[in-house]
Structures are given as C-alpha cells and as structure tokens.
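Okay, structure first, notes after.
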Amino acid sequence: MIKAGSSFFHNGKRGIIGAVILLKGVLYAVTVSHLFQEEGDRPIIDGKKFTVTRILKDHGVVLIELPPYTPVKITEFGIPAELELAELINDTRTIHYCRVANSGASLLFLGFQCHDMPAPEDSGSPIVQGGKVIGMMSSETLDTCMGMAVSSKILRSLEV
C-alpha cells in the first residue's frame, strides 16, 4: 500500500512520499521536486514504475500519478501548531523530536536535536502532529540543527 512515508527510488537514490492525494479524481503521490529533473521521470514505488506528471517548482513539489485501483492510503492533513513537538516519519525511521519553530504560508521551520537530524534520504518525509501530516521535509541545515518543510497548507491546496 502506498502512503505518506513510503519509499521510492529514482536514479539510484531513495526518496520518501510526503502525501497521497486525490486531485480531480486522480490519485497522486506527492514528494519534493529536487529529486527529479523533469516531468516524465520514472520513480519506482513498490517495485513498479510510475510517472512524474507535474512539477510545481514554486512550491518544490512533484506529483506522481498513480493508476486507478492502486492500493493507497489517502493522507489526512492537519494544521501546524507552532512551538509544539512533531515527528518525522517514514518507512525506515522516525525522528521523535522535531519542534515546529515557525509556520509560514508555505513553509514550516523545524528544530531537531543535533544528534538526530534527517538524512538526505529522508527528503520528502511527512512531518506529523497528532497523527496528521502538517508538512513534508524538504531540506536541513546541519550547522544549526534546523530544517524546512513544505507546509500542509500547500499540500491541502492541491487536493480536490
């Protein structure tokens, strides 16, 4: 089953699906755009090739179209609570200490413990508060133990 936190592979690199949405009756896996070069790229999810159908560069997001009847779990989005703890969750690890330092219109600014930072292969991981996805990890700054995530406000705006 494809869901937020599932892994995919593209050009020998692992990435993470940040959300699964329904847009105009079509299922999409959503992840970060910096792992892809162009529309038509073919990531592998659960051993099957899928197609990147849209790159939304303004938000750093790509949509990977999923065929009808693909087993998925649609993502439930929440609203970020500033200065509260969250978790970075994917199918290989969980970072339990992730504090939402600031929540803007399109980005979340996150604080991590310096000894437990996201790795490059955690890119796209959902950021979760109260069991709901509030963002999708996009980058980190190791020297400040901070990270940025695409806000659920952007991800929710993609849904229909």
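The values are calculated or read from the model by the stated rules, or taken from the named source; none is laboratory data. The shown structure was predicted, so the numbers you read here are calculated from the model rather than taken from an experiment. Heads up, the Cβs are rebuilt from the backbone with ideal geometry, glycines too, and the neighbour counts pull from every protein chain shown. Accessible surface is based on the protein model in full, side chains and every heavy atom, while ligands, DNA and RNA are left aside. Shrake-Rupley method; radii C 1.70, N 1.55, O 1.52, S 1.80 Å.
A few remarks follow.
- In the range 103-121 there is no residue that is modelled with pLDDT of 95 or more, among the acidic types (Asp, Glu) and within 14 Å of residue 18 (Cα to Cα).
- Test: residue in the range 71-87 that is of a type outside the set (A, V, I, L, M), free of Cβ contacts under 8 Å to residues at least 40 places away in the same chain and open to solvent by less than 60 Å² (accessible area, probe 1.4 Å): no
- Residues located in the range 1-44, provided they are within 16 Å of residue 55 (Cα to Cα), open to solvent by less than 20 Å² (accessible area, probe 1.4 Å) and hydroxyl-bearing (Ser, Thr, Tyr): 31
- Note on the range 68-96: residues that are over 21 Å from residue 157 (Cα atoms) and of a type in the set (Val, Ile, Thr) total 5.
- Residue among 56, 110, 88, 155 that alone is under 19 Å from residue 5 (Cα atoms) and in contact with a helix residue (DSSP H, G or I) (Cβ under 8 Å, 6 or more places away or on another chain): 88
- Residue tally, condition basic (Lys, Arg) and surrounded by fewer than 18 Cβ atoms within 10 Å (Cβ to Cβ), over the range 114-157: 2
- Applying the condition of being part of a strand (DSSP E or B) and acidic (Asp, Glu) to the range 57-115 and asking which residue is nearest to the chain's Cα centre (by Cα) yields 87.
- Residue list for the range 126-160, filter: free of Cβ contacts under 8 Å to residues at least 40 places away in the same chain, of a type outside the set (Asp, Glu) and not in a strand (DSSP E or B): 142, 144, 145, 157
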